[in-house]
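Peer 1: Attaching a single structure in structure tokens format; questions to follow.
No value in this document is a laboratory result; all are computed from the given coordinates. From a predicted model like this one, the values you see are computed outputs, not experimental measurements. Neighbour counts run over all protein chains shown; Cβ positions are idealised from the backbone, glycine included.
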Amino acid sequence: MSIVNAKIRNSRKNKYRKMLSTNEEIFGSRQNIIVSSSQYTAGAILDEGEWFFVENAKDQPFAIDLFNHDFESVDFDSLGKNDFDNIDYLFVYSDNDLFFQNISKARLVSKKSIFRLGENFVYNNNRQEVVINDLPDAIFVPAENRLYFRKLQSITSIFKGIDQLYREATDEEVDSFLDSDFISLQGDYCTASVKTANRKRIALAKKTLDEMDEADKNRIFDYIGDYCPELKTDKEMFKIGTEDEMKMLLFGIEQRFYTTLVGGEKRLANSVIALNS
């Protein structure tokens, strides 16, 4: 049994509505959807069939009250006709899991149409439809207390604050980073020069460096110098005058450089996913 519900936009009371119950599987089973998964790593790129997950989802700042609902007993009011245009997202309760789909305007269809009903065709001059994706945007598994997802940007409107998992550094944070004693700014490169991609990398790099002691930082800086000698100055600093130079420094802090075991070729890992121990 699948129970399809909707969250209504700009509704403080009774914000959830029940749409329908069906014996059909709306998205399929979670076990068939998630082929493999790994803990979320900012900037990582997934292959087909792979999903990210966040542990202890109920305890995260982005957690929503639905994570603690008892769907065996809860009964929302039915979705009314006037609610249709205000659907924010769908959530489907099936096999004790919650499946979420963000609903954009493109997924809400209200127009004249001819559709098939059994063996007949029916005309409707104001048919309202919600288009269901092949895959959900997120899956919450209460038994594991995990939230699974593929694209962070597709669920930021559902789970407020989850974008902090991969946020941009603020101007103040960029200023502070550029003022680090291991950076030698070149030309007119400054905070205003740092674009979105590198701002996100700076937010990650600051966190990485904050968790290191001085010995580990020095090892990282030696490592970066070995792979990017063109960035080094004669004063054990790194020359940063372009976005590409900044990117290489930040990749180095995240230890993205490696040398192949066979052939000894130096490479850059554009995406990294930590292996579970």
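Peer 1: Only Cα pairs under 8 Å and at least 6 apart count here; give the relative contact order of the stretch 171-268 as a rounded whole percent.
Peer 2: Across the stretch 171-268, relative contact order equals 32 percent.
Peer 1: Stretch Asp179-Phe84 to full length: gain in nm at 0.36 nm per residue minus the Cα-Cα span?
Peer 2: 29.0 nm
Peer 1: So for each of 172-180, 141-149 I average, over its residues, the number of other beta carbons within 10 Å; can you give me the resulting order with the highest mean first?
Peer 2: 141-149, 172-180
Peer 1: For Lys232 and Leu165, what is the calculated FRET efficiency with R₀ set at 45 Å and r taken between the beta-carbons, to the nearest 0.05?
Peer 2: 0.90
Peer 1: OK, next. Quick one: length gained pulling Leu268 to Asp188 fully straight, 0.36 nm per residue minus the C-alpha distance? Kindly include the intermediate steps, with their values, before the conclusion.
Peer 2: Working: separation 80, 0.36 × 80 = 28.80 nm, distance 2.74 nm.
Contour length minus the Cα-Cα distance gives 26.1 nm.
Peer 1: So, one more: Rounded to the nearest 0.05, what FRET efficiency is calculated for Glu55 and Met1 with R0 set to 41 Å and r the Cβ-Cβ distance?
Peer 2: 0.90
Peer 1: Still on this structure, please answer the following. So, by mean Cβ neighbours within 10 angstrom, what's the order for 217-223, 237-243, 118-124 with the highest one leading? Don't skip to the answer; put the middle values down first.
Peer 2: Working: 217-223: 14.0, 237-243: 17.7, 118-124: 8.4.
Sorting 217-223, 237-243, 118-124 by mean packing, highest first, produces 237-243, 217-223, 118-124.
Peer 1: How far apart, in nanometres, would the label points at Asn96 and Val130 be if each is projected 7 angstrom from Cα along the Cα-to-Cβ direction?
Peer 2: Spacing of the two 7 Å Cα→Cβ label points: 2.5 nm.
Peer 1: If the cut-off is 27 Å between C-alpha atoms, which lysines fall inside it for Lys7, apart from same-chain ones fewer than 8 positions away?
Peer 2: The reachable lysines, counting only those whose Cα sits under 27 Å from Lys7, are Lys15, Lys18, Lys58, Lys81, Lys105, Lys111, Lys112, Lys151, Lys160.
Peer 1: With only alpha-carbon atoms counted, please give the Rg and Dmax of the chain, in Å.
Peer 2: Computed over the Cα atoms of the chain, radius of gyration and Dmax are 24.3, 81 Å.
Peer 1: As a check on your grasp of the helix formula, calculate [θ] at 222 nm for the chain: sum -39500 (n - 2.57) over DSSP H runs of n ≥ 4, divide by the residue count, round to the nearest 500.
Peer 2: Values: 5 runs with 52 residues, N = 277.
It lands at -5500 deg cm²/dmol.
Peer 1: Explain nothing, just the number: dipole magnitude of the chain about its Cα centre with +1 on each Lys and Arg Cβ and -1 on each Asp and Glu Cβ, in debye rounded to the nearest 20.
Peer 2: Result for the chain is approximately 1320 debye, rounded to the nearest 20.
Peer 1: Running Debye on the stretch 2-164 with equal point scatterers at the Cα sites and no solvent, what base-10 log of I(q)/I(0) appears at q = 0.15, 0.16, 0.18 Å⁻¹?
Peer 2: -0.88, -0.98, -1.21
Peer 1: Could you name the lysines in cross-link range of Lys239, using Cα to Cα under 28 Å and dropping any fewer than eight places away on the same chain?
Peer 2: Those lysines meeting the cut-off are Lys195, Lys200, Lys206, Lys207, Lys217, Lys247, Lys266.
Peer 1: Checking the a/c ratio against 1.5 first, then a/b against b/c, what shape does the Cα gyration tensor give for the stretch 171-268?
Peer 2: prolate
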